[in-house]
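Asks: This is the structure I have questions about; it appears just below.
The values are calculated or read from the model by the stated rules, or taken from the named source; none is laboratory data. This one's a predicted model, so the numbers in the text were calculated from it and none came from an experiment. Here Cβ is always computed from backbone atoms with ideal geometry, including for glycine, and neighbour counts include all displayed protein chains. With ligands, DNA and RNA removed, areas are computed over all heavy atoms of the protein, side chains included. Shrake-Rupley method; radii C 1.70, N 1.55, O 1.52, S 1.80 Å.
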Amino acid sequence: MGVIRVLEAAVADQIAAGEVVERPASVVKELVENSLDAGATRVDVHVQGGGVERLVVTDDGGGMDDEDAVLCFGRHATSKLVRVDDLRALHTFGFRGEALAAIASVARVRLVTRRPDAPRAFSVDVVGGRVTGVGEAGAPRGTRVDVADLFWNVPARRKFLKSPRTETGHVESALLATALCRPDVGFSLVVDGKPVLDLPPVVAPPASTPPSADEVRLALLQPARIDRVVRCLGEHLRPLLYPVIGATELLVLSGHVVAPVETRRDLQGVQLSVNGRPVADRALVQAVRAAFRTLLEVGRQPIVALDLALDPELVDVNVHPRKAEVRFVEPRRVSGHLIALLSEFLATTPWLIGDGAARGAARGTLWPRPSSSSSRSAAPTTAPTTAPDDHTVVAAASEATPGAPARSIDDDLADAARARVKEALARFHARALSTQSTEPPTAQPGWSSPPLSSSSSPQSSPSLPLSSSSGRAGATSFAALRVVGQVGGTYLVLDGPTGMVVIDQHAAHERVVFERLRAARRASSSQPAPSQPLLLPITLELSALERAALDAPDVVNELAAHGLDVEGYSHQTAMVRALPPGLDGRKAALVLRDALAELAATSRTDALDDRIDAVCARLACHAAVRAGDALAPVQIRALLEDLDRIDLGAHCPHGRPVVRTVAFGELARWFDR
C-alpha cells in the first residue's frame, strides 16, 4: 500500500490557514480588503482581547445574496477573476478566494450580508470550517463578519501570539497601512469598547481622467489628506511632511516624504504601496533607502508614504501567501526609476527653504520643484542621480509662487533677538574653553555626555569628560600616542608605533558612554540610575506598537533603571518626567521611540542583559559627540584617556569600527617607496 494520500479537507484548510492567518491582524487585513473590493465607502473594525476573543468588520459595500453568502466560505471561491488571463491584470485586493475559508477553519464565524436591493439580510454561521446554520436577519446594506475564538481548535497557534495590547497594535498598524492607500474610504477602530481610530473619508477635488499632475498635487495638499497621513505616520511629523509627485513613462510616484531630520531606527516608517495595494517589498524599500543614502546617519531609516502606479500587467501580486510582496516584470528598471524620481525631489531640499506641507497647504501655497535640468545641476554630486536612459520627468511640480511674503517688524525683532543670543552663546563657549584648558570639568561617573551644540566650530564644541588618571602604558595606550589632529571634523589621526591610527570620534565616544552606562547599571542593579527630573513633562505620541511595547512587563522599570522616567498616559501617548543627566530634552522623543523599537523587537526569551545593552546603546548613541563636531585638543586627549579605561573592543555598540590602523609599510607603497 502506498504512503501518499490526499489530505482531509479539515487538515488542508488548517494548513491553508497557517499561510494566510498568522495573527488577528491578518484576519482584519483580509476582511478589510474584501470590503474595499465590494465597493465600501466606510469600514468599521471592533476588536476585543487583541482580536483573539472577537473581532468584527462591518462595511457598507455591495453585499451578497443568500447563495453567494454560503458559497464564499468554500475554498477558491471568488468573484474577482474567472480566467488565467485575469491574473495578469488584477485591479482588486483579493483574488484567490481562500481567505474566508482559511479564517472559518480556525474560528467561529458569523457573516451577515445584504444587497442594496434585497428586502432583508442573510446570515451564515461557520464553526471550524463547517456551516452550522443559515437564515434571514435584519441588517443594513453591506456585510458584517464576526470572528470569535480565533485558533480555538489550534491551541498551539495561540502560544505564539503576543499580549492583547501587542496584537491590537498589529491590528491598528494593518488598518492604518490600508487607510494610507485608500483616503477615499472612512475607517474606524474600536478596541474593547473604546474608540481608537476615526478616519473620515477624504473627498477628492474634481479631477480629470486620468488626473493631471497639478490635480494630484492639490489632492496631496488637502488638509484632510494631510490629516490622514499624519494620523498614520505620527502627529509630530506634520511640520516635516512634504508632498512628492513625479512620473516617467514607466510609473507615477506620488505621496509624502518626511524631512530626513526626523528618522527611525526601524523600517516601520517606510509605508509603500503599488497600485493602491500596501506592500512590504524588500526591493522597493532598498530603492527608497538608496535615494536617501546621503541624507541619513548610519543605521537610521527614512519615513515616507509613497504609492507607485504602473501597468498592472507589469506587476505580479500572486507571489506571497499574504500578498505582502510583489514581483515586477522589470524589477531593476522599476527600482531605477523610483530612485531617480525620489532623488530628484530630495535634491531640492524643500525642508531647508520653507515650512512643511501641512502649513503650506494652510496658506494655499505649493512647494516649488525645479525642472529636470535645473534639479540635476543643483543636485549634490554624491546623490544617486543615475537613471535609465528613457527617464523623463513629466509634471514635476508647480513653479515657485512669485514674490515672498513681506517681513513684519516682529520678524526683524525676532532676528535681532536670535542674533544677540548667538553672540552671547559664542562668548559663553569661548570662556568655557579657556577655563577648560586649566580646570577640567567634573563629570558624573557613568553618565558623561556632551551638551547640545548648534555649531561645529571650536567655540561650540561639545565637552567631553576629562580624566585624571593615566591611561594604559605601552604601545596599546591611546593617550600615549601623539595626536596629529582632527580630519573632516570626524576622524582623529594619531601617530602610532607601527602606523597611522585613525579613530572615529563618534563611534569612540559612543563606546565610552555605552561601557559606562552598562557598568553603572550592572554594578548597582538594585539602585536606580541617576535621573534628572524635568520642570515640565514631555508628552509624546507613539505608534500602536510602540505604545504596546511600553506596556510590556518590566519595560517601564527597565527604562527607569537607565534614568528614563516614562509612563503611559493614554492609548497612544506617553509622558516623560525625567531623563538621564546630559541627555537633551529635545532628544527625548527620538531616544524613547528608538528604545521602544529595540525592546519591541526583543523576544520574550531574550536575556535581560541583551535588553539592557539595547537601551544603553541607544542612549549612548544620542549622548555621544557627533560627526562634524570640532574638538579642542584637551577634549581629544580626554577621549583617548577614556578609551584606555574601557574594554574597548573593535566596534561601537552598533557594529561600526572605532579605530583603524594604516601601517607605515602601506603608506610607503602608496608613494612607491
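Asks: Sort out for me the Cα centre separation of the range 285-351 from the range 176-193, rounded to whole Å.
Replies: 24
Asks: Something else about it: Give me the number: length gained by fully extending residue 71 to residue 539, i.e. 0.36 nm times residue separation minus the C-alpha to C-alpha distance, one decimal in nm.
Replies: 163.4 nm
Asks: Further, regarding this structure: Residues with amide H under 5 Å of residue 484's amide H, sequence separation 5 or more or different chain, H placed in the peptide plane at 1.01 Å from N; which?
Replies: For residue 484, the qualifying residues are 493, 494, 495.
Asks: Next question, about the same structure. Can you tell me the order of 247-255, 49-57 when each peptide is scored by its average per-residue count of other Cβ atoms within 10 angstrom, highest first? Walk me through the intermediate numbers first.
Replies: Working: 247-255: 19.3, 49-57: 21.2.
Per-residue mean Cβ counts within 10 Å order the peptides as 49-57, 247-255.
Asks: Continuing with the same structure: List every residue whose amide H lies under 5 Å from the amide H of residue 578, counting only residues 5 or more places away in sequence or on a different chain, with H placed 1.01 Å from N in the peptide plane.
Replies: Distant-sequence amide H within range of residue 578: 534, 565.
Asks: At what distance in nm do the modelled label points of residue 156 and residue 131 sit from each other, each positioned 7 Å from its Cα along Cα→Cβ?
Replies: With each label point 7 Å from Cα toward Cβ, the separation is 3.1 nm.
Asks: I've got another one for you. What list of whole percents do you get for P(r) of the range 175-260, with Cα-Cα distances grouped in 5 Å bins up to the one holding the largest distance?
Replies: 3, 13, 22, 23, 19, 11, 5, 3, 1, 0
Asks: Please give, to one decimal in nm, the separation of the simple spin-label points placed at residue 4 and residue 296, each 7 Å out from Cα toward the Cβ.
Replies: That separation, rounded to one decimal, is 4.7 nm.
Asks: Moving to a separate point now. Among rounded, prolate and oblate, which fits the range 196-345 when a ≥ b ≥ c are the square roots of the eigenvalues of its C-alpha gyration tensor, a/c under 1.5 means rounded, and a/b larger than b/c means prolate? Walk me through the numbers before you get to the answer.
Replies: On the way: a/c = 1.37, a/b = 1.07, b/c = 1.28.
Rounded shape, in that the Cα axes give a/c under 1.5.
Asks: Here is a further query. Considering amide H positions built from the backbone, and no H for Pro or chain starts, which residues 5 or more places from residue 499, or on another chain, come under 5 Å of its amide H?
Replies: Under 5 Å from the amide H of residue 499 lie the amide H atoms of 664, each far enough along the sequence or on another chain.
Asks: Using packing as a proxy for protection, rank 658-666, 539-547 so that the peptide with the highest average count of other Cβ atoms within 10 Å comes first. Walk me through the intermediate numbers first.
Replies: Details: 658-666: 14.3, 539-547: 21.6.
Ranking the peptides 658-666, 539-547 by packing returns 539-547, 658-666.
Asks: Let's test the formula: R0 of 51 Å, r as the Cβ-Cβ distance of residue 190 and residue 500. What FRET efficiency results, to the nearest 0.05?
Replies: Working: r = 64 Å, r/R0 = 1.25.
So, using R0 = 51 Å, E works out to roughly 0.20.
Asks: Can you give the accessible area of residue 569 in Å² (nearest 10), computed on protein heavy atoms with a 1.4 Å probe?
Replies: About 150 Å², rounded to the nearest 10.
Asks: Further question on the same structure: I need the chymotrypsin sites (Phe, Trp or Tyr not before Pro) found in the range 91-197, filtered to DSSP loop residues with at most 16 other beta carbons within 10 Å of theirs. Write down the numbers at each step before the final one.
Replies: Working: sites: 93, 95, 122, 151, 152, 160, 187; in loops: 93, 95, 151, 152, 160.
Passing sites in the range 91-197 are 152, 160.
Asks: If each of residue 330 and residue 11 carries a label point 7 Å out from its Cα toward its Cβ, how far apart are those two points in nm?
Replies: Between residue 330 and residue 11, the simple spin-label model gives 4.7 nm.
Asks: To continue, here is another question. For residue 120 and residue 203, what is the calculated FRET efficiency with R₀ set at 22 Å and r taken between the beta-carbons, to the nearest 0.05?
Replies: Values: r = 32 Å, r/R0 = 1.45.
Once the sixth-power term is evaluated, E becomes 0.10.
Asks: Go through 495-504, 226-235, 571-580, 509-518 and give me the packing order, highest mean Cβ count within 10 Å leading. Present the calculation step by step, with values, prior to reporting the outcome.
Replies: Numbers: 495-504: 16.8, 226-235: 20.9, 571-580: 18.8, 509-518: 25.8.
Highest mean packing first, the order is 509-518, 226-235, 571-580, 495-504.
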